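Structure first, commentary second.
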Amino acid sequence: MSADHRRLVPRTDVVLAEPRVAAAVERLGRDLVKGAVAAAQQQARLGAIAPTAVADTALAALPSTTTSLRPVLNATGVLLHTNMGRAPLSAAAVDALAVAAGTCDVELDLTTGGRGRRGATTVDALLAAVPGAAAAHLVNNGAAALALVATGLATGREIVVARGELVEIGDGFRIPDLLVSTGARLREVGTTNRVHPADYAAAIGPDTGLVLKVHPSNFTISGFTASVDVAALAEIAGDVPVVADIGSGLLTPHPLLPDEPDAASALAAGATLVTASGDKLLGGPQAGLLLGGPGRGAGLVATLRRHPLARALRVDKLTLAAMEATLTGPATPTRAALDADPAALRTRAARLADLLRTRGIEAADVASRATVGGGGAPGVTLESAAVSLPERFAAALRAGDPAVVGRLDHGRCLLDLRALPPSADDLLATAVLTATFPTAHG
């Protein structure tokens, strides 16, 4: 391009004043948009684009939002995929986030004009959802709930726990490391595969701060095994608090998960305190739940809520709003996926496969097995259905917008439908077509 042509490249202020570009500045910020404009101007100076195309080129290079996170369609068959943020929020929870994102009455009594109790309505909703819970508190994740309990009840004292329950879960996180970091000492009982009531009885003494029952996440031990349930521990422990870390956040029993511990049953069996995660089977935002049974349990929750560490673990207004909506609103996407009708899944898979075959894509509807994920219900599989594609589709689908993540199985890319609502089927079909015919569908 000649020097004269380079003079035709529009000035930055002129491009930024163009209405479409100005709107992008409002949405994305001046620095980000200005950088895209500068890059487009350089392309024009080099002759790669016409000077009149600077604004269009800059706009095309801009992201849709200022976050680097990308939406993903979870077609893995893992309902709570940790790498994808575990539980997707319900529409009600997303709406609640929009309310809480602005100035709101999170800690203000609008009637009196004085200070209000932070998170009171969320706690009330949690208590209503868990029969037998007399008190509740929220912290920022499940590990935080357990850390708060261990710090408040067992610093400088012993935690009695079965050796087979000292587990490691995702990303190298280890329960024993967390507990020891609070200043507690571990009193391990039993062996890896077997523990008996007598083991606990022999270990409990004047220096015992609490007896801990941990739900093993992501694995099962089968064969020659023995464990002690919460009811038996409560009887053995006497006045010593029994803490049940149920992990997955199931509040009440579910028929498809008969062996998964739930908060209501643990409290009914005699647990003093129950800790759990909010972003797993409960289907809410990341949070740690602390529930206390009547009497001593409720008193301990009140004490722990005022512990200095509780302030460091406090949840923000967004979490409070999303959790309340999760508890009081319609069924969450996680619950819908868990309760999905296998026959309906097969019908959806057949319809999608038929549609793709009419476009010349080698697709088939196949039976599949889904899992809960997120450490919940290890060993349990759920009947599902999937669309089977050639393996080469896996990488192309991950690169799409939205990205689609399936799973590879015997040289095929399976798109399992159990974790996807029916409303996502058209998006899924479009994603596959775009991966096949990028020009026609891009």
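The values are calculated or read from the model by the stated rules, or taken from the named source; none is laboratory data. All values derive from a computational prediction rather than experimental measurement. No Cβ is skipped: glycine too gets one built from the backbone with ideal geometry, and neighbour counts run over all protein chains shown.
Values as computed for the structure displayed
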| item | result |
| --- | --- |
| Qualifying residue in segment 428-440 (condition: out of contact with any Gly (no Cβ under 7 Å at 6 or more places or on another chain), under 25 Å from L281 (Cβ atoms) and modelled with pLDDT of 95 or more) | yes |
| Those residues of segment 76-117 which are more than 30 Å from V387 (Cβ to Cβ) and of a type in the set (K, R), in sequence order | R115, R117 |
| Given (1) closer than 25 Å to E168 by Cβ; (2) surrounded by fewer than 24 Cβ atoms within 10 Å (Cβ to Cβ); (3) aliphatic (A, V, I, L, M), index of the condition L251 fails | (1) |
| Some residue of segment 89-105 being in contact with a strand residue (DSSP E or B) (Cβ under 7 Å, 6 or more places away or on another chain), surrounded by 12 or more Cβ atoms within 10 Å (Cβ to Cβ) and not assigned by TED's automatic domain parsing to the domain that holds D365 | no |
| Candidates A61, A75, A53, A17 - the one that is small (G, A, S), within 26 Å of D401 (Cβ to Cβ) and without any contact (Cβ under 8 Å) to a residue 24 or more places away in the chain | A53 |
| Residue within segment 370-388 that is without any contact (Cβ under 8 Å) to a residue 12 or more places away in the chain and over 20 Å from D262 (Cβ atoms) present | no |
| Elements of type helices (runs of 4 or more DSSP H) in segment 1-72, at least 2 residues being at pLDDT 95 or above | 12-17, 19-28, 30-45, 54-61 |
| Residues being assigned to a loop (DSSP other than H, G, I, E, B), closer than 26 Å to F219 by Cβ and either among the small types (G, A, S) or touching a residue at least 60 places away in the same chain (Cβ under 8 Å) (or both) - total across segment 190-205 | 1 |
| Neighbours by Cβ (under 9 Å, 6+ apart or cross-chain): first from segment 170-183, assigned by TED's automatic domain parsing to the domain that holds T275 and surrounded by 12 or more Cβ atoms within 10 Å (Cβ to Cβ); second among the polar types (S, T, N, Q) and not in a helix (DSSP H, G or I) | T182/T155; G183/T155 |
| Hey, T112 assigned to a helix (DSSP H, G or I), more than 22 Å from A266 (Cβ to Cβ) and modelled with pLDDT of 95 or more or not | no |
| For A202: the one exception among (1) hydrophobic (A, V, I, L, M, F, W, C); (2) under 28 Å from T328 (Cβ atoms); (3) surrounded by fewer than 18 Cβ atoms within 10 Å (Cβ to Cβ) | (2) |
| Residues being more than 29 Å from the chain's Cα centre (by Cα) and of a type outside the set (S, T, Y) - total across segment 338-359 | 8 |
| Residue that is crowded, with 20+ Cβ neighbours inside 10 Å, assigned by TED's automatic domain parsing to the domain that holds G172, over 20 Å from the mean Cα position of the chain (by Cα) and over 30 Å from L428 (Cβ atoms), where the choices are G113, G152 | G152 |
| Entirely in segment 214-324, the strands (runs of 3 or more DSSP E) that have 2 or more residues that are under 28 Å from E107 (Cβ atoms) | 273-277, 288-292 |
| Filtered residue count, segment 286-326, keeping only those that are surrounded by fewer than 22 Cβ atoms within 10 Å (Cβ to Cβ) and touching an Asp or Glu at 6+ places or on another chain (Cβ under 9 Å) | 3 |
| Among residues of segment 347-365, those that are over 18 Å from T436 (Cβ atoms) and part of a loop (DSSP other than H, G, I, E, B), counted | 0 |
| Segment 115-165, residues that are of a type in the set (V, I, T) and closer than 16 Å to H307 by Cα | V139, V149, T151, T155 |
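Yes or no, residue by residue, for (1) assigned to a helix (DSSP H, G or I); (2) of a type in the set (A, V, I, L, M); (3) at pLDDT 95 or above; (4) under 17 Å from L289 (Cβ atoms):
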site	(1), (2), (3), (4)
R117	no, no, no, no
A136	no, yes, yes, yes
L146	yes, yes, yes, yes
I159	no, yes, yes, no
E188	no, no, yes, no
L212	no, yes, yes, yes
